[in-house]
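See structure below.
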Amino acid sequence: MVIEILVAVSIITVSILAAMAVSQKSIYVSRQALHATQASFLLEEGAEAVRISRDNAWANISSLVVDINYYPTFSAGTWMLLETPNTVGIFTRTVSITNVNRDNITKDIEENGADDPGTKLVTVTVSWPEGGVTVTKTLRFYVMDIFS
Amino acid sequence: MIKICKKNKQNKGYAILDGNIMERISREVRSSYDINTISANNLKLNTKDSGGADKTIEFLLSGSDIRLLENDILTGNLNASDVTISDLAFTQITTPKGKAVKIFFTVKSASDTLNRTQDFYNTIVLRGNYQ
């Protein structure tokens, strides 16, 4: 009789603990989904901030130092890329630029080739803390001097 | 256990519902060719319908809802009935080559007893406006 009671109590306890673990995980996943959605719009905004900087003047892009983190900052009615760090709530957003090379003959973007001063590779990164770890999402695209 | 279930219910829906609102506003701004009128809580865009005819799309904050109007006719609310919008802000950005709209809104779920709010941000360049 005692053994049966022990087995029953064990099964009930394990079932309750399992249900609690599943619920806890679902809270974590739903919060993560919310943050991922907010981050995806911040990534898009970061890309648009680069485009707006380009539209204001190509010099805003060409004068950036490669592989340095810049922070999109809304100031004086427009987006700027500044070195002064800023955050959006729990999110940290950075923009970095790297030079782009093109093949001398095909003019395709290649690792080896001549530097194309009218094209830059942009990396927008949004990171935030989630359950003790830092989650990072990245968006990469080329921006070109199409208006000069 | 009850507390966890309650918390789960409170979190439910934020990402889906509010992602949809921002997605819809962003898509309409991107495809429009000009800003008709803009104020903090109101954005009216000049755009084209699928047949190429001119039409207007308007987003405005009415109470705690974001309303969508097409050609000045109310289409409906973008937010679900259990989601309230406590803040909405549109800001025009003008560059030598075109225009963009900075979008911000704050949402709250009616089922969240802790009254937590979530902020959403985006900026979209009007693709039909490039010169």
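Each value in this text was obtained by applying a stated rule to the coordinates, not by laboratory testing. Just so we're clear, the structure is a prediction, and the values are computed from it rather than from any experiment. Don't worry about glycine lacking a Cβ; one is built from the backbone with ideal geometry, like all the others, and counts go over all protein chains shown.
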The long-range amide H neighbours of B:I35, using H built 1.01 Å from N in the peptide plane and a cut-off of under 5 Å, are B:N46
Short version: ³J(HN,Hα) in whole Hz for each residue of segment A:131-137, in order, from phi by Karplus 6.51 cos²θ - 1.76 cosθ + 1.60 (θ = phi - 60°), x for Gly and Pro, what are they? x, x, 10, 9, 9, 10, 10
In whole Hz, with x marking every Gly and Pro, tabulate ³J(HN,Hα) for segment A:73-87 from phi via Karplus 6.51 cos²θ - 1.76 cosθ + 1.60, θ = phi - 60°. 9, 8, 8, 6, x, 8, 8, 10, 10, 10, 7, 6, x, 8, 10
Would you work out if the protein assembly as shown is rounded, prolate or oblate? Take a ≥ b ≥ c from the square roots of the eigenvalues of the alpha-carbon gyration tensor; rounded if a/c is under 1.5, else prolate when a/b is larger than b/c, oblate otherwise. oblate
Before anything else, pin down the relative contact order of segment A:2-144: Cα pairs under 8 Å, at least 6 apart, normalised by residue count, whole percent. 18 percent
Tell me, what is the percent relative contact order of segment B:2-129, built from C-alpha pairs under 8 Å that lie six or more residues apart? 23 percent
Could you state the angle between the C-alpha long axis of helix B:2-11 and the longest principal axis of the C-alpha atoms of chain B, as a value from 0 to 90 degrees rounded to the nearest 10? 0 degrees
By how many degrees, 0 to 90 and rounded to 10, does the Cα axis of helix B:14-31 deviate from the longest principal axis of chain B? 0 degrees
If you look for lysine pairs in chain B that are eight or more places apart or on different chains, how many of them have Cα atoms under 22 Å apart? 15
At 222 nm, what value in deg cm²/dmol follows for chain A if DSSP H runs of at least 4 each add -39500 (n - 2.57) and the sum is divided by all its residues, to the nearest 500? -14500 deg cm²/dmol
Helix axis angle, A:2-56 relative to chain A longest principal axis, alpha carbon, degrees: 10 degrees
For chain A, what are the per-bin percents of Cα-Cα distances with bins 5 Å wide, up to the bin holding the maximum? 2, 8, 14, 15, 12, 10, 8, 6, 5, 4, 3, 3, 3, 2, 2, 1, 0, 0
With labels modelled as points extended 7 Å from the Cα through the Cβ direction, what inter-label distance (nm, one decimal) is found for B:T75 paired with A:V135? 3.0 nm
For segment B:2-129, how big is Rg over Rh, using alpha carbon atoms and the Kirkwood form of Rh? 1.04
